[in-house]
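The values are calculated or read from the model by the stated rules, or taken from the named source; none is laboratory data. Just so you know, these numbers come straight off a predicted model, no measurement behind them. All Cβ positions, even for glycine, are placed from backbone atoms using ideal geometry, and neighbour counts span all protein chains on display. Please note that ligands, DNA and RNA were not included when accessible areas were found on the heavy atoms of the full protein model with its side chains. Shrake-Rupley method; radii C 1.70, N 1.55, O 1.52, S 1.80 Å.
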Amino acid sequence: MRWKMICKDQDWKYLAIVMILAFLYAFGTYNEDSLTIVVGILEPMTHEQLMMSISAFPAFALLFLFYRIMAHHETEGRWKTLLAFPIQIRKYVAGLLPFAFIAQLIPFLLSQLIYYILSSTISLSFISFMLVLQIVYYVSFFYATFATKSGYFGEGISVNIVNPLRELMPIFLMFCILNIGNWISFITKYQFIILCICLLFLLRLFWHLPYLMIMKQHRELMVERLFCGKQATAIERKKQKQQQRIDKVLQYIFQHFPWKGKNYWIWVAIIDVSLKQKGYPLCIALFFMLLAIDQGQPVFGLCAYLCIIYFLYFVYTQKKVIERVSIK
């Protein structure tokens, strides 16, 4: 039953984005130099370490997508009844542990397959690196879901409620992959100690699970009651300011470039909706174009074209929707 729920989740559509990002990272960094290279602002690494980094990237992205989907089915308010009366939560987590562990095999085998295709060899150090990386992510997911309390941080008048472990652990692991030249020797040297610590943390979580969940639910309920209204108000204010800026720009354009074609008002609606809902890909495309011009690397230009294509595809879908509901 759990497999069916995970497989039917709509977020699997982002798997295409995962593959594109993996291809762009490999295309922008791979070369045949057997000496040391430098990837952007990162530390130098050998050719072998670069192939490890390229191989680990799609596996980590797939793992991130899997845990994102898992988090959708483990909502924050699912266990609020623990505050009123006890529930046998250990039995549920005991069934979830092997399920998530088995799912780890797919990204692991994917990383080893990519590395074998690139190097025609099998590296024990890379196996150790991926094993430790995935086990750390595995343990952090269960702590973020069943133990770590969500907190809040303020930015001006806005208050954002976040789970620090869930947000920061993927960033840390991605940093390890991109700087694999610095981390692989440390991880392979202390892999046994790291795995033992992860096992102890997991046993501690399972043993104190009812108490940790009660404390987590109490804290999150208080934070939600205190800041949900302020958070919604701040977000709405930001959106209103952004939409007002877009309205002013569009009004200026329509006033100075009048076009009274047959589908004038349809295109006005299409442009207005598209910029307000999906205007950020154009900003990202502009950023990548500036990088491509400044550094002369075609991979940044390819990223810019992909962002523009994504925006144009959204414009096309909005055109179909508006034409369907418009009154001729």
Practice task
Using only Cα atoms, locate the centre of the range 171-225 and the centre of the range 55-75, then give the distance between them in Å, rounded to an integer.
Solution key: 16 Å
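Probe radius 1.4 Å, ligands and nucleic acids left out: which of 305, 67 has the largest accessible area, and how do the rest follow?
Values: 305 145, 67 10 Å².
Heavy-atom accessible area, descending, gives 305, 67.
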Fill in the blank from the handout: Sorted by chain and number, the residues with a modelled amide H under 5 Å from that of residue 190, at a separation of 5 or more or across chains, are none
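Give the calculated FRET efficiency between residue 179 and residue 248 to the nearest 0.05, with a Förster radius of 56 Å applied to their Cβ-Cβ distance.
Values: r = 44 Å, r/R0 = 0.78.
So, using R0 = 56 Å, E works out to roughly 0.80.
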Handout entry: Solvent accessible area, Å² - residue 121, 1.4 Å probe, full protein context
Key = 70 Å²
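If each residue of separation counts as 0.36 nm, what is the full-extension length gain between residue 20 and residue 165 once their alpha-carbon separation is subtracted? Please report the intermediate quantities before stating the final value.
Numbers: separation 145, 0.36 × 145 = 52.20 nm, distance 2.66 nm.
Stretched fully, the residue 20-residue 165 segment lengthens by 49.5 nm.
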Fill in the blank from the handout: Full extension between residue 74 and residue 214 adds, at 0.36 nm per residue less the Cα distance, a length in nm of 48.9 nm
Exercise for the section: Return the distance in nm (one decimal) between the two label points of a simple spin-label model at residue 291 and residue 225, each offset 7 Å from Cα along Cα→Cβ. Expected result: 4.5 nm
